[in-house]
Every structure is written in C-alpha cells, then in structure tokens.
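J.: Here it is, the structure, as structure tokens.
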Amino acid sequence: MGSRFAATVIGAGPSGIAAVSNLLAQRVSRILWVDPFFSSGRLNKSYREVPSNTKVSLFLDFAQAVKPFRDVIDTIPSPNPVTYLQQLDQNQHCPIANAADMCRTLTDGLIKRNDVTTVVGNVNAANWADNAWQLGLDGSTHNNNYSSHLLVLCTGSHPKSIKVPPPTSIKDIHLDIALTPTKLQTAISASEPATVAVIGSSHSAVLALLNLYTLATTSHPKLRIKWFSRNPLLYAVPKGDWILYDNTGLKGLAATWARDHLEDDTIQSSNAARYIDKVNLPKGESFTTSPALAQCTHIVQAIGYAPNALPSLTLNRAPLATPLAHNPRSGAFSDNHGRTVPGLYGAGIAWPETVTDPEGNVESAVGLYKFMKFLRRVVPEWTKTLN
Ligand SMILES: Cc1cc2nc3c(=O)[nH]c(=O)nc-3n(C[C@H](O)[C@H](O)[C@H](O)COP(=O)(O)OP(=O)(O)OC[C@H]3O[C@@H](n4cnc5c(N)ncnc54)[C@H](O)[C@@H]3O)c2cc1C
C-alpha cells in the first residue's frame, strides 16, 4: 500500500525544520519528513565549535516565529536549549552548538506530532506522475511507496574544493575540520614543521586562519600559515535598521579578529605576521598555479559552498535538466523548457532567497532567521494548490 502525503520535506537542517513548521502553520496536516539523522543538519554535524555570525536574539526569533515552534517550546521542561539562549546577552554571538541544540529540540518536538511522519533515510529519486511526486528512498526500512503533491528541497550544501594537480603531495584538511579546533589540533603534527595553505577570504577562511593561528601560538609552535587571498576582506556594516553586506560580510568574532590581525595596515604590527604569510593572488590566477603552494604541507580550501547532490528528479520519467533552474524569489523551479515544475520548491542554504539591500546590492539570504522569513512569505503560496 502506498502512503500519500500533502507535502514532503527533504532535510532536517534549520531550513527543513522551518519548512515543516511553516507547512504546519498553514494547516497542512499530512507531512512526510525525510533525513538520515534528524540532528540539526550541518549546524550540529560540522559547526558546533564555530562562533555564530548572527546574534543570539536572531536564533530566538527563529524559534518563536511560528506557532508550531512555540507549541514545542511550551511543552518542554525547563531548563532547555531555548531557555539557555534566553539567558545569554541577546546582542552577543554564541557558539553554534547552542543554536544546533535549539534546532534539535524543535526537531524532536515536531517529530512527536501526529501530522508529521518521519523517515530516517535519503530520498534518492522523485518522479512527478498523477499529480504527485512518487519518492524513492534508501537507507530506510520503510516501503518505497511514498508520494506527495508538494516536494520541498531543504537539502543543504557542502564546502567546495578544487583538485590540486600533481606533483604536489599536499595534505588536504577538510574545511569542516579547520572550523573545529578540537579536531584541527590532531590533524596537524604538533612536533613536525608544517605550513598550511588557507585559500579564500570568506567568513569560513577567516575562522580557519584564526583556529590555525591559535594552534601556532599554543600547542603547535612549528606551524606556519600561508593565506592565499584574491579579494579584500568584506565586513558587514550596521546601517541602523539594515546591514550592508549582511550575508557576505564578516561579522562577530571573525570580523573583530580580521580587523585587528589580517588587514594590510594591521597584519605587520600584529603578532599574526610571525605565523601568517599573506599571498596576494592576482585577479584570474588560481592558487593551484601559485609557486607559494609548493612550500605548503597542508591545504584548507574555503572557497565557498555548493548544493548537495539532489535526488534524481523526473517529470513522467523524463529527467529534469541539471543544474535546476531555481527562482530565488518564489523558491520554485523551472523545467528544461522554462515551465514551472509542479509542486517542487527549495529553501535553505542550497536554495536561498535573493534580496536587494537599500544600496542595490543583491545577495543570497543565508541564516536561520532569513530562511524563516522567506518560508513565512512563500509557504502560503506553495500550499494554495493543496486547497
Ligand atoms: C561556517 C558557517 C557558519 C554559519 N553560521 C551561521 C550562524 O551563525 N547563524 C545562522 O543563522 N546561520 C549560519 N550559517 C548558515 C546556515 O544557517 C547553515 O549553513 C545551515 O546549516 C543551513 O541549513 P540547511 O537546512 O539549509 O542545510 P543543512 O544544515 O546542510 O541541512 C541539510 C540536511 O538535508 C539532509 N539531506 C540532504 N540531502 C538529502 C536527501 N537526499 N534525503 C534526505 N535528507 C537529505 C542532510 O542530511 C542535512 O541534514 C552558517 C553557515 C556556515 C557555512
């Protein structure tokens, strides 16, 4: 027997949690939710030790934005991860672990609801036929006869990397490791000389530099860092009721440390100059061809994030062309002929909304509360076809 749902949400990271809660807020009563872990996505898996780039208040705004979340919070005993965040200075930043724990609490509450059915596993295929997406699942002991009219992709992203061509025998340090000090310290020998190349000038690159610098000045005295950068560092700038470069600029600890230690006018007078050697890459030149790379023993690539692999998507068994054409204002997708794909939507870091700030800069809106704001606006539109 097949199981027919109104909506399926793929992914239980922050955007998946927000998508499920917004569907519930629209009184969608049969929701299928699929994830291999149901554990706050990358916030929990990879960023627990990362200092947040958003203020504590925004995490709580996320948790209190919709009634299904508030219902969860009202029924859990105190103290809990939400009350913990409430006790912190709302204008400060916090370890992402605190936000991950909050998301886990919300997830656990949503899972208990009768109108949400969860499957632990991966969706590997979805075919649109007979007015519904028929799903193929793996990693689950459940049957494969699930279908739903709406299919919401909250599938997340992963760090991009470029293959470094031979002859170098440089050792790769995954960005997730570089962002996790307790793992980074064992990824590099504390007693042998090591020179780590850090590629990029993003928020993640600065945090990787900070973590490596901390090791070099403490447990790893033979560690040196070469920082390959093509672009100047960009900072978020508060402008009263909005923030310039809100999504692309450095914030929080990364911004403070970068200003004090990485700018051309501060690095030379900073202790960081003893450990960090900046390699300015000319426009258009790849780090892979830089002679300085040959002097490095390890490499951390912080060159952006790419959407995770999607399930194989077909319309009446005809494959949808990839990469999918995504409408970042509505969350919908188009097929190979530019026609809107029925019932298919995306949200989260893989499928962010684009926003234009008052100075005309266009950015992808990435962050828990931004996912929530987007979903509160679009889910009422998405669910119109269910009525
Ligand atoms: C270094 C860093 C720091 C950040 N700091 C902050 C911050 O301080 N504040 C903030 O608001 N935001 C922050 N963000 C941005 C954003 O909130 C996170 O990236 C967040 O993890 C994105 O959530 P997501 O749900 O879109 O994706 P993810 O967290 O990646 O979750 C995706 C989920 O989908 C599942 N999935 C994928 N494919 C399938 C499939 N086929 N079937 C079933 N399940 C599937 C995955 O297993 C995963 O659980 C940060 C991002 C980065 C990179």
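The values are calculated or read from the model by the stated rules, or taken from the named source; none is laboratory data. Because the structure is predicted, anything quoted here is derived from the model rather than measured. Every residue, glycine among them, receives a Cβ derived from its backbone with ideal geometry; neighbour counts consider all protein chains shown. All accessible areas refer to the heavy atoms of the entire protein, side chains included, with ligands and DNA or RNA removed. Shrake-Rupley method; radii C 1.70, N 1.55, O 1.52, S 1.80 Å.
J.: In contact (Cβ under 8 Å) with a residue 24 or more places away in the chain, touching a Cys at 6+ places or on another chain (Cβ under 6 Å) and under 23 Å from LEU179 (Cα atoms): which single residue out of LYS251, LYS278, LYS226 fits that description? Explain how you work it out, then say what you get.
T.: Values: LYS251 fails: touching a Cys at 6+ places or on another chain (Cβ under 6 Å); LYS278 fails: touching a Cys at 6+ places or on another chain (Cβ under 6 Å).
The match here is LYS226.
J.: Within the range 1-27, take every residue that is open to solvent by less than 10 Å² (accessible area, probe 1.4 Å) and among the aliphatic types (A, V, I, L, M) and give me the one that is nearest to LEU106 (Cα to Cα).
T.: ILE17
J.: Also: Can you name every residue in the range 256-268 that is closer than 21 Å to CYS94 by Cα and open to solvent by less than 10 Å² (accessible area, probe 1.4 Å)? Spell out the reasoning first.
T.: Of the residues in the range 256-268, the ones closer than 21 Å to CYS94 by Cα are 256-260.
Residue satisfying the conditions is ALA258 alone.
J.: Criterion first (open to solvent by 10 Å² or more (accessible area, probe 1.4 Å), within 13 Å of the ligand (Cβ to nearest atom) and not aromatic (Phe, Trp, Tyr)) does ASN114 satisfy it?
T.: Values: open to solvent by 10 Å² or more (accessible area, probe 1.4 Å): yes; within 13 Å of the ligand (Cβ to nearest atom): no; not aromatic (Phe, Trp, Tyr): yes.
So ASN114 fails the test.
J.: Still on this structure, I have one more. For PHE37, are the conditions met, namely being within 11 Å of the ligand (Cβ to nearest atom), assigned by TED's automatic domain parsing to the domain that holds SER147 and either within 16 Å of the chain's Cα centre (by Cα) or crowded, with 21+ Cβ neighbours inside 10 Å (or both)?
T.: On the way: within 11 Å of the ligand (Cβ to nearest atom): yes; assigned by TED's automatic domain parsing to the domain that holds SER147: yes; either within 16 Å of the chain's Cα centre (by Cα) or crowded, with 21+ Cβ neighbours inside 10 Å (or both): yes.
Against the criterion (within 11 Å of the ligand (Cβ to nearest atom), assigned by TED's automatic domain parsing to the domain that holds SER147 and either within 16 Å of the chain's Cα centre (by Cα) or crowded, with 21+ Cβ neighbours inside 10 Å (or both)), PHE37 qualifies.
Matching residues to (1) open to solvent by 60 Å² or more (accessible area, probe 1.4 Å); (2) within 25 Å of PHE371 (Cβ to Cβ):
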{"position": "PRO79", "(1), (2)": "yes, no"}
{"position": "TYR84", "(1), (2)": "yes, yes"}
{"position": "ASN91", "(1), (2)": "yes, yes"}
{"position": "CYS103", "(1), (2)": "no, yes"}
{"position": "TRP133", "(1), (2)": "no, yes"}
{"position": "LEU151", "(1), (2)": "no, yes"}
{"position": "SER157", "(1), (2)": "no, yes"}
{"position": "ASP172", "(1), (2)": "yes, no"}
{"position": "PRO181", "(1), (2)": "no, no"}
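J.: When only residues in the range 8-64 that are in a loop (DSSP other than H, G, I, E, B) and β-branched (Val, Ile, Thr) count, which is farthest from VAL378 (Cα to Cα)?
T.: Let us first name the residues in the range 8-64 that are in a loop (DSSP other than H, G, I, E, B), namely 11-13, 26-30, 36-40, 46-50, 52-55, 64.
From what is left, the residues that are β-branched (Val, Ile, Thr) are 28, 50, 54.
Details: VAL28: 14, VAL50: 30, THR54: 23 Å.
If we take residues in the range 8-64 being in a loop (DSSP other than H, G, I, E, B) and β-branched (Val, Ile, Thr), then VAL50 is farthest from VAL378 (Cα to Cα).
J.: So which of GLY304, GLY338 ends up being at positive phi and modelled with pLDDT of 95 or more?
T.: Numbers: GLY338 fails: modelled with pLDDT of 95 or more.
Being at positive phi and modelled with pLDDT of 95 or more holds for just one of GLY304, GLY338, which is GLY304.
J.: Can you tell me which residue in the range 47-58 is farthest from the chain's Cα centre (by Cα), limited to those that are more than 6 Å from the ligand (Cβ to nearest atom) and open to solvent by 10 Å² or more (accessible area, probe 1.4 Å)? I'd like the intermediate steps shown before the answer.
T.: To start, the set of residues in the range 47-58 that are more than 6 Å from the ligand (Cβ to nearest atom) comprises 48-49, 51, 55-58.
Add one more test, that the residue is open to solvent by 10 Å² or more (accessible area, probe 1.4 Å), and what stays is 48-49, 51, 55, 57-58.
Working: ARG48: 12, GLU49: 14, PRO51: 14, LYS55: 16, SER57: 19, LEU58: 16 Å.
That would be SER57.
J.: Can you spot a residue in the range 366-384 that is of a type outside the set (A, V, I, L, M), within 26 Å of ILE162 (Cα to Cα) and either within 16 Å of the ligand (Cβ to nearest atom) or open to solvent by less than 40 Å² (accessible area, probe 1.4 Å) (or both)? Explain how you work it out, then say what you get.
T.: If we filter the range 366-384 for residues that are of a type outside the set (A, V, I, L, M), which is where we start, we get 367, 369-371, 373-374, 376-377, 380-384.
Filter once more, keeping what is within 26 Å of ILE162 (Cα to Cα): 367.
Pick out the ones that are also either within 16 Å of the ligand (Cβ to nearest atom) or open to solvent by less than 40 Å² (accessible area, probe 1.4 Å) (or both) and you get 367.
Taking every residue of the range 366-384 in turn, at least one turns out to be of a type outside the set (A, V, I, L, M), within 26 Å of ILE162 (Cα to Cα) and either within 16 Å of the ligand (Cβ to nearest atom) or open to solvent by less than 40 Å² (accessible area, probe 1.4 Å) (or both).
J.: Scan (1) at positive phi; (2) touching a Pro at 6+ places or on another chain (Cβ under 9 Å) for the single condition PHE371 breaks and write down its number.
T.: Answer for PHE371: the failing condition is (1).
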